[in-house]
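Computed from the coordinates by the stated procedures, all read-outs in this text should not be read as laboratory data. Source: prediction; values computed, not measured. Don't worry about glycine lacking a Cβ; one is built from the backbone with ideal geometry, like all the others, and counts go over all protein chains shown.
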Amino acid sequence: MYAESSPYTPAHHKLPGTGARPGITVRRPTRFAATDPEAATRADWAAALSSDRIVVDACGPETPPMPPC
């Protein structure tokens, strides 16, 4: 599973339902703290595309208005 939280949330913020579970590996974005953000963005994109499931936090200001999260 690839879990993409908003870059505006604290670094320790985890999306609901993405905690440790047997047999599931949760990958999180690395580009926000990377020394080479371009390479890290490519790696994040590859990780997302190779995951069985992608979970995205759509509550940040970078997304269109939605009902309250």
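List of remarks:
- Between residue 25 and residue 8, the simple spin-label model (points 7 angstrom out along Cα→Cβ) gives 3.2 nm.
- Distant-in-sequence amide contacts of residue 55, defined by a placed amide H-H separation under 5 Å and a gap of 5 or more residues or a different chain, comprise 2, 3, 4.
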